[in-house]
Each structure stands twice: as C-alpha cells, then as structure tokens.
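Written out below as structure tokens is the structure these notes cover.
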Amino acid sequence: MKIAISGKGGVGKTTIMAIIARELKKLGKDVLIIDADPSPHMAETLGITESERITPIADMTKLLAERSEKTPGSPFYQLNPQVNDLLEEFMIEKDGMKLMVLGAIQKAEGGCACPESHVLRKMLKKMLLTADEVVLLDMEAGVEHLGRGTVAGVDHLLIVVIPSKSSIRTALKIKKLAGEVQIPNISFVGNLVQDEEDKNFLEEGLDVRPIAFFPDSSAVRKAERNETPVINIDDQLEDAPLKLIKYFFP
Ligand SMILES: Nc1ncnc2c1ncn2[C@@H]1O[C@H](COP(=O)(O)OP(=O)(O)OP(=O)(O)O)[C@@H](O)[C@H]1O
Ligand SMILES: [Mg+2]
C-alpha cells in the first residue's frame, strides 16, 4: 500500500505521518517513508540523527543521467524492474523503519523539482509491494506537487486539515486536484482538534467527516521543543492513530 499525506503548511503532516509509521511498524508492517518535502524534516521527527548519510533521490536523477549517457539510446529516466535493489542505496534504516529523502530542491533560479518528481513518480508506479509493505509519502505543503503529478501512483491520499477556514480551503483544493490525477482513495484527517464543535466545523466545511481527529497535544509540542522524536511520546492522542490504521488495514 502506498499512502501520501498532504495539506496546508504547518498543519501537522510530518508529525502525523511519523506516528502512522510507528503504528504500522507495531502492526508488523514493513515501512518505507519517503520525505518528498524540499525542506526535509522527517529524519528528526523519527529520531534519525545520521540523516546526512542519506543519499537524496535528487542524486539518483544524476546517477540515472550518468548511466544513460554511458548507455546510448537508453531512455533517460527508465527504471528497471529491479528498482527495489537500486532503492536500497538511497535508504537509511532505523528501528525497522526505512527512510528516503527527495532532497532539497533549489528553486531560486527558476529551477523546477521536475527531474526528482519524475523519478519519484516512476518509482511509486513501479514499486511492487507485498501486503506487508507500506510506503508513506510525506509531501510539501500546498498543491504544487499535485500539479506535477508526483503522487499519481499512490493508493491513498490523506489530507490533514485543522479547524480553520483557510486550512479547509486548501484541503478542498487538494482533494479536487487529487481526484483529477485519479488517486483512488482520498480522505481527511483532523489535527489540533479541541472539541465536538471543531469536529463539526470540519465536517461541515469538508462536507464529509474526517476519518480521525488528533487532539492538540502537549506531549507533541514538548517533543518538538526538546527536539526529541515525536514517535517516542506516550500520549495515545485519543486513539486517532489507531483509527487511522484500522481505516487502512481493517
Ligand atoms: N496534534 C498536535 N499537537 C500539538 N502540536 C502539534 C500537533 N501536530 C503538529 N504539531 C506541531 O505543529 C508544528 C507543525 O507540525 P508539522 O511539522 O508536522 O507540520 P507540517 O504540516 O509537516 O509542516 P510543513 O508544511 O512545514 O511540512 C510542529 O511544531 C509540531 O510539533
Ligand atoms: Mg512537513
């Protein structure tokens, strides 16, 4: 299963993705997280301190380009069926969870994340997963990546939304674009939800009830302030992580 997470900036995408990864791991799943945010942040969230050892996928595009130069006529970004072997080089493993990063993208000179996005898109489409393998894709904020079709190969898109008008607006825009690239399952998850009023506000604004609601958690905030991995917190977060996992693996 391939699950991507999206939403407005700062709504809690990376935090929720890390917690999903932890729960899936507990369930015995083989978890690969891909940090596709140009300002990667997942490693810290997972407590991976050796993140500088990770070769970003951006470098894979260089590698593929080099290979194709050496092999005249071979399609530029063709990934072979043994893509999984190649991918091992770009992963770091911690506590049984694997992490890949897309790499920081230089956009200042009008550059586009296109080559990296292209490789990521191909990778997602080509990766053949067993029932116990889950790929989690942490996306950059907003809708730009949907325009690039990066997430077109995922089975589920989880849109994080907080109880605010602007967050709902972005979430609906993401849902629309995700529908256009034909992602089969699109659902919402609430974050920083305090009470029933917040839940109803989200349900009314989105026209559907989010599948889970994460509370505003002092444990999460403390973890961030103390720079300790959020996956180590004790807080059950009102069973929201369990609800999410049950949704994906009923
Ligand atoms: N349920 C929560 N309770 C308390 N704090 C939270 C919660 N979820 C996220 N946060 C805090 O909100 C901030 C933003 O979270 P996070 O980095 O996960 O968001 P993001 O959507 O990935 O942001 P970006 O758009 O920059 O990638 C962090 O400081 C995080 O600790
Ligand atoms: Mg993030």
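What number of residues within region 140-173 satisfy the criterion of being charged (D, E, K, R) and in a loop (DSSP other than H, G, I, E, B)? Spell out how you get there, then give the answer.
Residues of region 140-173 that are charged (D, E, K, R), as a first pass: 140, 144, 148, 155, 165, 169, 173.
Remaining after also requiring in a loop (DSSP other than H, G, I, E, B): 140, 148, 155.
Residues in region 140-173 being charged (D, E, K, R) and in a loop (DSSP other than H, G, I, E, B): 3 in total.
Taking the conditions (1) away from ligand 2 (no atom under 16 Å from the Cβ); (2) within 19 Å of Ile16 (Cα to Cα); (3) under 18 Å from the mean Cα position of the chain (by Cα); (4) among the charged types (D, E, K, R) in turn, Asp138 satisfies each one other than (1).
Any residue in region 141-148 that is open to solvent by less than 10 Å² (accessible area, probe 1.4 Å) and modelled with pLDDT of 80 or more? Looking for residues that are open to solvent by less than 10 Å² (accessible area, probe 1.4 Å) and modelled with pLDDT of 80 or more, one finds at least one in region 141-148, hence yes. Selection of first residues in region 207-221 that are within 15 Å of Lys13 (Cα to Cα) and within 16 Å of ligand 2 (Cβ to nearest atom) and of second residues that are in a strand (DSSP E or B) and open to solvent by 30 Å² or more (accessible area, probe 1.4 Å), restricted to Cβ pairs under 8 Å at least 6 apart or on distinct chains, gives the following pairs, ordered by first then second residue: Phe214/Leu192.
Restricting region 221-238 to residues that are over 15 Å from Met42 (Cβ atoms) and of a type in the set (A, V, I, L, M), the residue that is nearest to ligand 1 (Cβ to nearest atom) is Leu237.
For region 44-65, residues that are at pLDDT below 80, within 28 Å of Ile233 (Cα to Cα), assigned to a helix (DSSP H, G or I) and not charged (D, E, K, R) total 1.
Considering only residues that are open to solvent by less than 30 Å² (accessible area, probe 1.4 Å) and within 16 Å of ligand 2 (Cβ to nearest atom), which ones fall in region 171-193?
Residues of region 171-193 open to solvent by less than 30 Å² (accessible area, probe 1.4 Å): 171, 174, 178, 183, 187-191, 193.
Ala171, Ile174, Val189, Asn191 - these are the residues of region 171-193 that are open to solvent by less than 30 Å² (accessible area, probe 1.4 Å) and within 16 Å of ligand 2 (Cβ to nearest atom).
Give me the pairs: first residue in region 1-21 and more than 8 Å from ligand 1 (Cβ to nearest atom), second residue among the charged types (D, E, K, R) and open to solvent by 20 Å² or more (accessible area, probe 1.4 Å), beta-carbon distance under 7 Å, and six or more apart or on different chains, which are they? Close Cβ pairs (under 7 Å, with a partner that is among the charged types (D, E, K, R) and open to solvent by 20 Å² or more (accessible area, probe 1.4 Å)) amount to Met1/Asp155; Lys2/Asp155; Ile3/Asp155.
Name the single residue, out of those in region 222-238 being away from ligand 2 (no atom under 16 Å from the Cβ) and without any contact (Cβ under 8 Å) to a residue 12 or more places away in the chain, that is least open to solvent (accessible area, probe 1.4 Å). So the residue we want is Asn226. Do the conditions hold for Met17, that is, is it at pLDDT 90 or above and either touching a helix residue (DSSP H, G or I) at 6+ places or on another chain (Cβ under 9 Å) or aliphatic (A, V, I, L, M) (or both)? Yes; evaluated as a whole, the condition is true for this residue.
The values are calculated or read from the model by the stated rules, or taken from the named source; none is laboratory data. Remember, it's a predicted structure, so these values are computed and weren't measured experimentally. Don't worry about glycine lacking a Cβ; one is built from the backbone with ideal geometry, like all the others, and counts go over all protein chains shown. For accessibility, only protein heavy atoms count, side chains too; no ligands or nucleic acids. Shrake-Rupley method; radii C 1.70, N 1.55, O 1.52, S 1.80 Å.
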